[in-house]
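All remarks here apply to the structure that follows.
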Amino acid sequence: NAGVTQTPKFQVLKTGQSMTLQCAQDMNHEYMSWYRQDPGMGLRLIHYSVGAGITDQGEVPNGYNVSRSTTEDFPLRLLSAAPSQTSVYFCASSYSDRGGYEQYFGPGTRLTVT
Amino acid sequence: GENVEQHPSTLSVQEGDSAVIKCTYSDSASNYFPWYKQELGKRPQLIIDIRSNVGEKKDQRIAVTLNKTAKHFSLHITETQPEDSAVYFCAASHNSGSARQLTFGSGTQLTVLP
């Protein structure tokens, strides 16, 4: 199993550009989520999904869109990049959204917006 | 929503000493409390977790305690080794919207001095 994979690993965008961060998992997990990690602020939830076709907002959803057309894939779209979106983005998946199931993280995407 | 506070933000200990990291949470409905370790440039990885029906859990040199009444939980690492140096995050799982969410603390940078 590859686990949770993310592409790209690094990305530089100009303000106003759009892009999609890719996330895939091969563990047949129902629950997938996106976090951003900023220095001194831990991991903050952007969006999450409890299954194909179902998504919901987390703590910091503004400026991001998600969709879940398959169990395996959960892309994160930046609509119009802003410098405040400079961060490290982690995708995660778990068997269930119920507490007690380990969340497996991808390797992360380091995004810089100039 | 849930709020998780984590202390201290940095912690230095001598090799062989013990390290303790403390977290408090605000939502009394939270019932799952994982701890993640993140080495520099790597993804967060689960090291231990505890559910609200248990007061203490131990795994070799790592233990977690939970006080539901006071709404705080702690990570204890005994006989610290240089490879324990990393950032440690606590988290609490609570209900929000259509699914349970993890709220993370801001992290503790642990340095084990040889």
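Any read-out appearing in this document is the output of simple, stated calculations on the displayed coordinates, not a laboratory observation. Worth saying up front: this structure is predicted, and the values here are computed from it rather than measured. Note: ideal-geometry Cβ built from the backbone for every residue, glycine included; neighbour counts use all protein chains shown.
Quick notes on this structure:
- A Förster radius of 35 Å combined with the Cβ-Cβ distance from B:SER26 to A:SER96 puts the calculated FRET efficiency at roughly 0.90.
- Relative counts (whole %) of C-alpha pair distances in the range A:67-114, using bins that are 5 Å wide: 5, 17, 20, 21, 18, 12, 6, 1
- Ratio of the Cα radius of gyration of the range A:1-60 to 2.2 N^0.38 Å, where N counts its residues: 1.27
- If you bin all the Cα-Cα distances of chain A at 5 Å, starting from zero, the percentages per bin are 2, 13, 24, 27, 19, 10, 4, 1.
- Distance distribution P(r), chain B, all Cα-Cα pairs, bin width 5 angstrom from 0: 2, 13, 24, 24, 19, 11, 5, 2, 1, 0 percent.
- When only the Cβ of Lys, Arg, Asp and Glu is charged (+1, +1, -1, -1), the dipole of the protein assembly as shown relative to its Cα centre reaches about 380 debye.
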